[in-house]
1. Considering only the stretch B:180-191, I want to know if a residue exists there that is within 13 Å of another protein chain (Cβ to nearest Cβ), closer than 21 Å to A:Arg83 by Cα and within 16 Å of ligand 1 (Cβ to nearest atom).
2. Check the stretch B:204-220 and report whether any residue there is closer than 26 Å to A:Gly153 by Cβ and more than 14 Å from chain A (Cβ to nearest Cβ).
3. Any residue that is open to solvent by less than 20 Å² (accessible area, probe 1.4 Å) and either more than 14 Å from chain B (Cβ to nearest Cβ) or more than 13 Å from ligand 2 (Cβ to nearest atom) (or both) - is there at least one of those in the stretch A:93-102?
4. How many residues does the stretch B:242-268 hold that are among the small types (Gly, Ala, Ser), closer than 17 Å to B:Thr226 by Cα and open to solvent by less than 10 Å² (accessible area, probe 1.4 Å)?
5. Condition first: facing chain B (nearest Cβ under 7 Å) and among the hydrophobic types (A, V, I, L, M, F, W, C). Now tell me which residues in the stretch A:81-92 satisfy that.
6. Residue under question is B:Ala67, and the condition is that it be crowded, with 24+ Cβ neighbours inside 10 Å, within 13 Å of another protein chain (Cβ to nearest Cβ) and either touching a Phe, Trp or Tyr at 6+ places or on another chain (Cβ under 6 Å) or among the hydrophobic types (A, V, I, L, M, F, W, C) (or both); does it hold?
7. Within the stretch B:1-18, how many residues are within 14 Å of chain A (Cβ to nearest Cβ) and of a type outside the set (A, V, I, L, M, F, W, C)?
8. Are any residues in the stretch B:14-50 over 14 Å from the mean Cα position of the chain (by Cα), outside any loop (DSSP other than H, G, I, E, B) and under 22 Å from B:Val153 (Cα atoms), and if so, which ones?
Amino acid sequence: MPQFSFLNEIETVSKAGISSCYQCCRCTNGCPVAQDMDIVPHRLIRYIIDGEREKALSSGTIWTCLNCATCSVRCPNGIDVARVFETLRVLSVEAHLATAMDTRLFDEIFIENISKHGRLYEMEAVMRYRLHKKEFFGDADMGLAMMRKGRIGLTPHNIRDRKKLGKVMREMAGKVKI
Amino acid sequence: MTTLSYYPGCSLKTSSSFYEHSLRKILSFYGIELKELDDWSCCGASAAPTINDKITDVLGARNIAIAEREGLHLVAPCSACYARTKVAASRIQQDRETREMVNRAISPLVCTGSLEVRNVIEVFLEYIGTERISDSAVYDLGTVRAAAYYGCVLTRTTGAPPSDDIEDPVGMDIILRCLGADPVAWQHKTECCGAGATITNKKMTASLSGHIMDMAAAAGANAVVTTCPLCQLNLDLTPHLKKDSAKLPVFFLTEIFELALFGAIEWGKRHLIPVDDILKSIGTPGDDVA
Ligand code: SF4
Ligand code: SF4
């Protein structure tokens, strides 16, 4: 069932005017990962206009998107497509429709890490992600090479104000547990 | 002597600490001192916007407030830190609701969003200038055929004016030419390297970063030069991500300055892809440069 209020919802939250899309495909043509997407960018924009809320929010595309903004800077109608996809990601989690959770999982671990230390403690964040995914040896070779060259942060960098920052971040995150 | 506020960001304190070292050394050579923001925090990179706007704006606002207290222009060498901070500042300045929300959250810190944010290329062009750069380059970098790689977010600061042409930036090419290097013409200056996906979707980063390396090589480059620590790391990791891609050394722009000014780089050993061939091609330290 199409929900025509969806377009309005997305336009309001993202502050991006989607209605002017005339399906020229420039966003898709420039997208570096369009071939890895289940719904290519210009189609996904069309789904929003058509009120296909569930299809849009459960698409893998919004999680494949790297937020590089090539689409946004090339759209002849000034539609900030990357920003629209960012909005879809937030709504997709709220609606429990998110499909590809790896990115989301890492983003949550990343933000939780910041709320604890104030700065990213790379080693801890990556290890927590790997533990969650039960991937213990996947990148051992790459990790070792980085370690040998001193390219991994092995110790935390705690800021003085971290308790207060953590508290504010948790407030801002609202329903999202960090 | 010019003093700039400095927002290093997490990478320059960890995986790319040699970039910080190189940057400080070069800027101080030109009489620019960096004053690190007191107790700065992470910009939230690409993770914060996935959670929500509020957390993104507040993470931005906290650093902006600390910087505004100093009253100096801010330099952020990492492209993510730079773009996040610049975009947050313009949103805070333009949107009253956002401004009030972030100020409530970060109180007693205060931010207005009026902060001037600069990336490394802008700092070189604005505060030092092409003439001084050309005059100071003493070693001959004629053998360095560099692919200037800007990365995707540097010029794509949605909502805030871009620092260079969005699709075909030229700032770094100009600087490289002043330093005596030979920048190649190529199409992949602002292609995305895969960013943080190296951890969650290695295959994707492998193909994106691998392609950038291949295209740089195809354009005749023997080195890639960038200012973004994440781009540098992803490209430097390509031999581990995608074995058959071209293996060009990936320098920070400040390291090319080191080569031009001092004939050597201090932290070559931090590079995953060896930089020796390029170093040898311009001679060893102590050479007569007259
Ligand atoms: S580039 Fe803009 S107008 Fe063209 S299809 Fe994409 S969103 Fe629509
Ligand atoms: S922001 Fe996302 S959809 Fe747009 S070009 Fe980049 S990867 Fe593709």
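1. To start, the set of residues in the stretch B:180-191 that are within 13 Å of another protein chain (Cβ to nearest Cβ) comprises B:187-191.
Then keep just the ones that are closer than 21 Å to A:Arg83 by Cα; that gives B:190-191.
Going one step further and asking which of them are within 16 Å of ligand 1 (Cβ to nearest atom), we end up with none.
No, the conditions are met nowhere in the stretch B:180-191.
2. yes
3. First pass over the stretch A:93-102, keeping only residues open to solvent by less than 20 Å² (accessible area, probe 1.4 Å): none.
Looking for residues that are open to solvent by less than 20 Å² (accessible area, probe 1.4 Å) and either more than 14 Å from chain B (Cβ to nearest Cβ) or more than 13 Å from ligand 2 (Cβ to nearest atom) (or both), one finds none in the stretch A:93-102, hence no.
4. Of the stretch B:242-268, the ones among the small types (Gly, Ala, Ser) are B:245-246, B:260, B:263-264, B:268.
Those still in the list that are closer than 17 Å to B:Thr226 by Cα too: B:246, B:260, B:268.
Now narrow it down to the ones that are open to solvent by less than 10 Å² (accessible area, probe 1.4 Å): B:260.
The qualifying residues number 1.
5. A:Val90
6. Numbers: crowded, with 24+ Cβ neighbours inside 10 Å: yes; within 13 Å of another protein chain (Cβ to nearest Cβ): no; either touching a Phe, Trp or Tyr at 6+ places or on another chain (Cβ under 6 Å) or among the hydrophobic types (A, V, I, L, M, F, W, C) (or both): yes.
No; evaluated as a whole, the condition is false for this residue.
7. Of all residues in the stretch B:1-18, those within 14 Å of chain A (Cβ to nearest Cβ) come to B:7-18.
Still in the running and of a type outside the set (A, V, I, L, M, F, W, C): B:7-9, B:11, B:13-17.
Of the residues in the stretch B:1-18, 9 are within 14 Å of chain A (Cβ to nearest Cβ) and of a type outside the set (A, V, I, L, M, F, W, C).
8. Of everything in the stretch B:14-50, those that are over 14 Å from the mean Cα position of the chain (by Cα), outside any loop (DSSP other than H, G, I, E, B) and under 22 Å from B:Val153 (Cα atoms) turn out to be B:Ala48, B:Pro49, B:Thr50.
The values are calculated or read from the model by the stated rules, or taken from the named source; none is laboratory data. Being a predicted model, the structure only gives us computed values, none of them experimental. A quick note on method: Cβ atoms are made from the backbone with ideal geometry, for glycine too, and the neighbour counts reach across all protein chains shown. Heads up: the accessible areas ignore ligands, DNA and RNA and are worked out on the full protein's heavy atoms, side chains in. Shrake-Rupley method; radii C 1.70, N 1.55, O 1.52, S 1.80 Å.
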